[in-house]
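Have a look at the structure below before the remarks.
The values are calculated or read from the model by the stated rules, or taken from the named source; none is laboratory data. The model shown is predicted, which means the values in this text are computed figures rather than measured ones. Note that we place each Cβ from the backbone using ideal geometry, even for glycine, and neighbour counts take in every protein chain shown.
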Amino acid sequence: MILKEFTKGIWKENPVLVQVLGMCPTLAVSTKVVFGVSMGLATTFVLLSSSIIISILRKIIPNQVRIAVFTVIIATFVTVADYFLKAQFPDISKSLGPYIPLIVVNCIILGRQEAFASKQPVFKSILDAIGMGLGFTLSLVVLAGVREILAFGTFFNMTIMPEGYTKWVIMALPAGAFMTLGLIISLFNWINMKGKESKS
Amino acid sequence: MKKIIHILSVLTLVSLLSGACLVGVYKATAQKIVDNQKKATKDAIFKIFPEGKDSKQIDKKDLEIFSVTDAKQELLGYAFTCAGNGYQGEIKIMAGIEKDLNTLVGIEILESQETPGLGQEITNQPFKDEFKQLKTEPNIIYVKGEKPDQPNEIETITGATISSKAVVAILNKGIEKVRQEMGEK
């Protein structure tokens, strides 16, 4: 029963494929799998830390200023993640550029605080945050995987396409992101529909 | 009244804790971040001058320039940074130039936000190699869709003409500045 809080973020309420939240980082940093993984993990870290703190403080945060308090807490963890990446992984930090500080406005995070962590006990909030974070990371990896293979002929920066493969540059451009995301969402819905049919 | 005090105290407390936390993180990482930037600069210099052993920043107003020496302390040339607008954002380049300030040794792209797969090709070796031993007199020029036949010519990247042109323009401006500043001696 409690496990449901964890798995719902990965499939049934996937933040990208079902809730269609956090589109800005999803479309912008899914050109390569490495970027997708880093972005996903950074977001998961921020989501998890903020959920824990907000769930602990949920009874003392006044309702009128809750959004302001959430934002301060989220911004603190985003800055921590930003400094950490700059110090430990300067290359990744450079390629993600402004998208790390922009996690502050990722609506997945504020959305989970408002809808879940501010109303639920700490343990449940932790499961919810990890599930949502992983769901976000997995969606980014699938999206970035398709785009990286077609646009650069590589996966995780390893060449996998045969010599002489013509790169589909459009897949690295915004148009490629929209097309791939649309196709992935329809595939996802199709699988869900098939699942329901076989059950009934 | 009680409500207002509650709101004020929670906001103050959360902000204070957040500030304290950030001071700690900043203290722990600031040095490392500065070191990383210094290392990136050094790496770029020695990629341009593979025989280079040592580099020293020359004290110049609004120009970041380094003298590069080899193992025998002999001057190989100068490395300088220059920046300007690309297609999507600022491009920052580290360029190496010989002692006579006429021939480029090579370039490295330090920062760029060009389109992946198109403009970002300026960071790839084939494009950077075009600047090796490139003459800069009177300045660098580019050709489109044909092989360069002059010693001061480079070919733009197909589909990334604006980014290629930007690199040439930034370099020309940077070289001019270097000549002005270094010629004074």
Exercise. Just need a number here: residues in region A:88-98 that are in contact with a Phe, Trp or Tyr (Cβ under 8 Å, 6 or more places away or on another chain) and either surrounded by fewer than 20 Cβ atoms within 10 Å (Cβ to Cβ) or at pLDDT 95 or above (or both).
Key: 2
Exercise. Tell me, yes or no, whether region A:134-149 has at least one residue that is within 14 Å of chain B (Cβ to nearest Cβ), within 26 Å of B:Pro116 (Cα to Cα), surrounded by 15 or more Cβ atoms within 10 Å (Cβ to Cβ) and β-branched (Val, Ile, Thr).
Key: yes
Exercise. Give the residues of region A:99-116 that are under 18 Å from A:Ala28 (Cα atoms) and either at the interface with chain B (Cβ under 9 Å from one of its Cβ atoms) or buried (at least 20 other Cβ atoms within 10 Å of the Cβ) (or both), sorted by residue number.
Key: A:Ile100, A:Ile103, A:Asn106, A:Ile108, A:Ile109
Quiz item: Of all residues in region A:1-51, which are over 30 Å from A:Val169 (Cβ atoms), surrounded by 17 or more Cβ atoms within 10 Å (Cβ to Cβ) and of a type in the set (A, V, I, L, M)?
Solution: A:Ile10, A:Val18, A:Val46, A:Leu47, A:Leu48
Self-check item: Qualifying position, being out of contact with any Leu (no Cβ under 7 Å at 6 or more places or on another chain), crowded, with 16+ Cβ neighbours inside 10 Å and away from every other protein chain (no Cβ under 14 Å), among B:Phe80, B:Phe131, B:Phe66
Solution: B:Phe66
Quiz item: So how many residues does region B:22-40 have that are surrounded by fewer than 13 Cβ atoms within 10 Å (Cβ to Cβ) and facing chain A (nearest Cβ under 7 Å)?
Solution: 0
Quiz item: Within the group A:Gly164, A:Gly176, A:Gly97, which residue is more than 23 Å from A:Met1 (Cα to Cα), small (Gly, Ala, Ser) and assigned to a loop (DSSP other than H, G, I, E, B)?
Solution: A:Gly164
Practice problem: Pick out, from region B:83-185, the strands (runs of 3 or more DSSP E) lying fully within it that include 1 or more residues that are free of Cβ contacts under 8 Å to residues at least 24 places away in the same chain and basic (Lys, Arg). | Solution: B:90-98
